[in-house]
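Asker: Sharing a structure with you now.
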Amino acid sequence: MEQIKTTSSSEVIATRVASHEDARYARQIADEMEASAKARGTGIAKRSPEYLAAKMAEGKAVISLTEDGTWVGFCYIEAWSHGKFVANSGLIVSPDFRNSGVAKEIKRRIFELSRQMFPNAKIFGLTTGLAVMKMNSDLGYVPVTYSELTDDEEFWAGCKSCVNFEILMSKDRKNCLCTGMLYDPAKELKK
């Protein structure tokens, strides 16, 4: 279990793979995802607390907590196109812990977990956030066109709850306000 100290305090934050026991945080995480998207005026696919709890139970999520059990941050894995593509989705940090470095640690841990669980999958993400683009870039992701991402209809259906869904559809899912980023393990092997 990785531990980091926040820059704003001396609290120790543990970042680890989530389990079924962490389902008690699912409502709080889902609510913060929605509130954060509204505050930024950007899109994010809404996920129910039940969906997030299932990801935790499957071991397909990373969670950060303080020593006293305060929820700090979260991210989960979704597999698409029969495991050929994996998305690290729903990266969220509690407002009290933003700008502490925990998002970078969560992103690193979810990337490592994705590589362990799906070693041959291309890992991708859609984001409007510069900080997430930088974190992705540091992990080896590169910006790509949407045509290089999964064509799985269920993935794109997740965009329906986004405020920018009409833009995506008006562009025939070729682009939107989000930047597509991709990590291709086959290209890393060639390096």
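Each reported figure results from applying straightforward, stated rules to the coordinates on display, with no laboratory input. Keep in mind it's a predicted model, so treat the numbers as computed, not measured. Here the Cβ positions follow ideal geometry from the backbone for every residue, glycine too, while neighbour counts run over all protein chains shown.
Asker: Between residue 58 and residue 142, 0.36 nm times their residue separation minus their Cα-Cα distance comes to what?
Answerer: 27.4 nm
Asker: Tell me, what HN-Hα J-couplings in whole Hz come from the Karplus equation 6.51 cos²θ - 1.76 cosθ + 1.60 at θ = phi - 60° for each residue of the range 99-106, using x for Gly and Pro?
Answerer: With coefficients 6.51, -1.76 and 1.60, one gets 6, 10, x, 5, 4, 5, 5, 4 Hz.
Asker: Modelled label-to-label distance, residue 134 and residue 120, 7 Å Cα→beta-carbon offset: nm?
Answerer: Distance between label points: 3.6 nm.
Asker: Next question. If you take every residue apart from residue 167 with its C-beta less than 13 Å away from the C-beta of residue 167, what net charge results, scoring Lys and Arg +1 and Asp and Glu -1?
Answerer: +2
Asker: Which net charge results for the neighbourhood of residue 121, defined as the other residues with beta-carbon distances under 14 angstrom from its beta-carbon, given Lys and Arg at +1 and Asp and Glu at -1?
Answerer: Once positives and negatives cancel, what remains is -1.
Asker: Nothing charged except the Cβ atoms of Lys and Arg (+1) and of Asp and Glu (-1): what's the magnitude of the dipole of the range 64-177 about its Cα centre? Round to the nearest 20 debye.
Answerer: Once rounded to the nearest 20, the dipole reads 320 debye.
Asker: Can you give the Rg/Rh ratio of the chain, where Rg is from the C-alpha atoms and Rh is the Kirkwood radius?
Answerer: 0.95
Asker: While we're here: Give me the dipole magnitude in Debye, nearest 20, for the range 74-119 about the Cα centre, with unit charges on the beta carbon: positive for Lys and Arg, negative for Asp and Glu.
Answerer: 160
Asker: In degrees from 0 to 90, rounded to the nearest 10, what is the angle of the helix 130-139 Cα long axis to the longest principal axis of the chain?
Answerer: With both axes taken from Cα atoms, the answer is about 90 degrees.
Asker: Considering lysine pairs in the range 118-191 that are 8 or more places apart or on different chains, how many have Cα atoms under 29 Å apart?
Answerer: The result is 19.
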